[in-house]
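Q: Sharing a structure here in structure tokens format.
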Amino acid sequence: MTEPMDEREARKRYVRSRQTAVFTVVGVVMAIVMVISLLLYFHVVGHTEQQATVVQPNFGAVAPCAAKDQNGNEATYVNNSNVTVRVLNGTKFSGFAKAVGDALTNRHFNVNTVDTYSSQNVKRTIIYFGKNTIAEAYTLNSNFTDAQMVMDDRSDKLIDVVLGSTFNDLRAQKSVPAAGAKVTNFSTCKAANSLTSLPKAIAHDAVN
């Protein structure tokens with residue numbers, strides 16, 4: 001009688017050990033899933049990649065360096081009133097460009113036009129400018145937190161800012177460099193005359 005009893009006990013121990021192993025694995029998996037869910041919920045995972053994209057200088061595009069003047073002095077930010085801007089809404093949100101245009105006007109930029117861009121699916125705000133308004137473009141860009149600067153083939157003084165869906169608000173004025181301060185170039189900038197095959201400027205009336 002002892003042998004059958006031992007066999008039954010052995011089977012019971014085996015079943016219990018299997019159950020314990022299964023429950024342990026299930027518990028570990030559930031714990032891992034919960035941890036990952038919490039990290040995603042609190043933007044610990046996924047947010048890092050987004051931040052890395054945002055902090056890249058000019059978001060991977062190549063902008064011209066603000067050139068020194070004829071005396072070798074570093075380029076400086078100009079007065080906002082000397083920057084002529086056209087604000088174009090590249091999103092589906094009605095009234096977006098007017099709101100930003102009003103905000104720029106309050107900062108004394110010369111906003112001459114507020115209009116709708118040819119596409120309403122623009123993601124990143126883009127500042128388009130020509131070779132003769134590099135310091136002015138840097139001045140405008142210093143008021144944005146997420147804009148990309150792109151030099152095109154225009155030669156006049158108009159600067160276009162095409163608003164994208166990631167735009168939230170202008171940079172706080174206390175964080176914007178004052179006119180006359182040295183321009184902070186992007187670390188990836190290149191000499192303006194080295195940038196070739198420039199994109200064609202958006203159609204506009206020249207401002208000189």
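Q: Taking the condition part of a helix (DSSP H, G or I) and buried (at least 20 other Cβ atoms within 10 Å of the Cβ), does Ala137 pass?
A: So Ala137 passes the test.
Q: Conditions: (1) within 19 Å of Asn80 (Cα to Cα); (2) part of a helix (DSSP H, G or I). Ile159 meets all but one. Number of the miss?
A: Here Ile159 meets the rest and fails (2).
Q: Looking at the structure I just gave you, is Asn168 over 18 Å from Tyr77 (Cα atoms), modelled with pLDDT under 95, assigned to a loop (DSSP other than H, G, I, E, B) and not basic (Lys, Arg)?
A: Yes.
Q: Still on this model: Across region 122-134, what is the total count of residues that are part of a loop (DSSP other than H, G, I, E, B) and closer than 17 Å to Phe59 by Cα?
A: Counting residues in region 122-134 that are part of a loop (DSSP other than H, G, I, E, B) and closer than 17 Å to Phe59 by Cα gives 4.
Q: Quick check: is even one residue across region 112-132 acidic (Asp, Glu) and modelled with pLDDT under 95?
A: No, region 112-132 has no match at all.
Q: Given the conditions (1) in the same structural domain as Ala66 (by TED's automatic domain parsing); (2) more than 18 Å from Ala63 (Cβ to Cβ); (3) surrounded by fewer than 15 Cβ atoms within 10 Å (Cβ to Cβ); (4) charged (D, E, K, R), which single one is not true for Asp156?
A: So the condition that Asp156 fails would be (3).
Q: Say whether the condition of being touching a residue at least 60 places away in the same chain (Cβ under 8 Å) and in contact with a helix residue (DSSP H, G or I) (Cβ under 9 Å, 6 or more places away or on another chain) is met by at least one residue in region 152-159.
A: Checked region 152-159: at least one residue is touching a residue at least 60 places away in the same chain (Cβ under 8 Å) and in contact with a helix residue (DSSP H, G or I) (Cβ under 9 Å, 6 or more places away or on another chain).
Q: Of all residues in region 163-194 being of a type in the set (A, V, I, L, M, F, W, C) and over 19 Å from Pro64 (Cα atoms), which is surrounded by the most Cβ atoms within 10 Å (Cβ to Cβ)?
A: In this case the residue turns out to be Leu163.
Q: Please go through region 72-121 and pick out each residue that is of a type in the set (A, V, I, L, M, F, W, C), outside any helix (DSSP H, G or I) and in contact with a strand residue (DSSP E or B) (Cβ under 7 Å, 6 or more places away or on another chain).
A: Scanning region 72-121 gives Val83, Val85, Val87, Leu88, Phe109, Val111, Val114.
Q: Before we move on, is Thr105 in contact with a helix residue (DSSP H, G or I) (Cβ under 9 Å, 6 or more places away or on another chain), modelled with pLDDT of 95 or more, among the polar types (S, T, N, Q) and surrounded by 15 or more Cβ atoms within 10 Å (Cβ to Cβ)?
A: no
The values are calculated or read from the model by the stated rules, or taken from the named source; none is laboratory data. Values in this document were obtained by computation on a predicted structure and should not be read as measured data. Note: ideal-geometry Cβ built from the backbone for every residue, glycine included; neighbour counts use all protein chains shown.
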